[in-house]
Amino acid sequence: MQLETYISDLLYRYECVTIPEFGAFLAQRTSATINDANNAFYPPKKTVSFNEQIQQNDGLLAHYIADVEKIPFEVATKKIAKRVKTLKSYLTQGETLTFKNIGEIVFNSDGKILFEPSYHLNYLTDAFGLSQFVSPTVTREVYKDTVETIEKVVPITITPEKRRARPYLKYAAIALIALTLGGFAASNFYVNQIETHNQIAQEEATQQLETKIQEATFNLNPFPAITLNVTKQTGNYHIIAGAFRVEDNSAKKVKQLRALGYNARAIGVNKYGLHEVVYGSYETGKEALKAVRDVRKMHNKDAWISIKKLD
C-alpha cells in the first residue's frame, strides 16, 4: 500500500494527517517570500512538518483509504497498522523512509526522528499555478552624477541688462509663478479630495466584501427553531459535522442538524481553536461506524469519526 499517496491527497484539504502509532504530518500556511540575494520571489505555500508525538487515531486516514479502496473501515485500519510496523522496522535498521512529495524520515544518532520536507509540491490550493520567478535588479539614480555635472557647467542666469531691456518679462515671470503656485495648490486640493473619496469608497467596498464572504462561508440558513427532547449523550466516539471559527455559527449548525433529526451538539474547542459540532456521540466504535455510514449516505459524505474523551 502506497501510504504516502493517501497522505499527500489529504494534505491538500487538512492541516493534520495522522498515521496511528507513528506520527502526524502537519501542513502550515506560510506567506510569499523574497530572496534578496538573487531577487527570487516565492509564492505562498503550505510548509510540511512531522510530529512524532501525535499518534492517536482520528480516523481520517483510515476513512479515506476505506473510501478510495472500497473496503471496510476495520480492514483499512489493519492495513495501516501493518504498514506502520514495516516502517518502524526500516527505521530501526537505519534506513531512510522516503514519502514521495512529502519528505524523508530517518533516525539520528540519539534515536530521534529527523524529518526533511520535500519542496517539489505546493499543497496550498490558493497558490495553484504560481511558481517562483527572478526579477531583474532595479537600478535607481543612474544618471545622478551626470546631471549634477551638467548643472555646474551650464548655469541658468538672467543678467540685469536683459531685465531692464524687457521689463514685461518680470511681470510675466511673476504671473507664471503665481499661476504655477495656484495650480499646485488646486491640484493638491483635488488630489486630497480624490484620495479621501477613494479611501472612503475602498473602506465601504472592503466592508461589503467581508460581509459577503462571511455570508458565503458561514451562512447556514437555519431552519425555524423547534423544541426537541434530547437525551444526554456519552461516549468517546464522535461523528464530526464541522468545525467553526465563530461560536455562533457552530450553534446554528447544531440547530440545523437537530431539525433534521440528529442528536447534534457542540463538543468544545479543538487544538486549532475551532468549535466542533458532532452529529452524535457513541459508546463503542461499532456503533459509531454504523452511524457514520448512514450520515455519509444521507447527508454528508465527508463526515468522519473523532476519538477523544470529553471533560
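The values are calculated or read from the model by the stated rules, or taken from the named source; none is laboratory data. None of the values given here were measured: they were computed from a predicted structure. Heads up, the Cβs are rebuilt from the backbone with ideal geometry, glycines too, and the neighbour counts pull from every protein chain shown. For accessibility, only protein heavy atoms count, side chains too; no ligands or nucleic acids. Shrake-Rupley method; radii C 1.70, N 1.55, O 1.52, S 1.80 Å.
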Any residue at all in the stretch 233-244 that is in contact with a His (Cβ under 8 Å, 6 or more places away or on another chain), modelled with pLDDT of 90 or more and within 23 Å of Tyr14 (Cβ to Cβ)?
-> yes
Any chance the stretch 285-295 includes a residue that's open to solvent by less than 90 Å² (accessible area, probe 1.4 Å), among the hydrophobic types (A, V, I, L, M, F, W, C) and out of contact with any strand residue (DSSP E or B) (no Cβ under 7 Å at 6 or more places or on another chain)?
-> yes
For the stretch 61-82, does any single residue satisfy the condition of being open to solvent by less than 50 Å² (accessible area, probe 1.4 Å), among the charged types (D, E, K, R) and either under 27 Å from Lys297 (Cβ atoms) or touching a strand residue (DSSP E or B) at 6+ places or on another chain (Cβ under 8 Å) (or both)?
-> no
Give the stretch 29-46 a look and list any residue that's open to solvent by 50 Å² or more (accessible area, probe 1.4 Å) and under 20 Å from the mean Cα position of the chain (by Cα), or say none.
-> Arg29, Ser31, Ala32, Thr33, Ile34, Phe41, Tyr42, Lys45
What pairs can you find where one residue is in the stretch 299-311 and more than 8 Å from His238 (Cβ to Cβ), the other is of a type outside the set (Lys, Arg) and assigned to a loop (DSSP other than H, G, I, E, B), and their Cβ atoms are less than 6 Å apart, with a gap of 6+ or different chains?
-> Trp304/Gly59; Lys309/Asn236
Find the residue count for the stretch 247-275, including only residues that are of a type in the set (Ser, Thr, Tyr) and open to solvent by less than 70 Å² (accessible area, probe 1.4 Å).
-> 2
Can you find a residue in the stretch 121-140 that is open to solvent by 40 Å² or more (accessible area, probe 1.4 Å) and either within 16 Å of Ala24 (Cα to Cα) or at pLDDT 90 or above (or both)?
-> no
If the Cβ limit is 8 Å and pairs must be 6+ apart or interchain, which residue in the stretch 101-116 that is assigned to a loop (DSSP other than H, G, I, E, B) pairs with which residue that is among the small types (Gly, Ala, Ser) and open to solvent by 50 Å² or more (accessible area, probe 1.4 Å)?
-> none
Val278 being over 26 Å from the mean Cα position of the chain (by Cα), closer than 20 Å to Gln56 by Cβ and crowded, with 19+ Cβ neighbours inside 10 Å | no
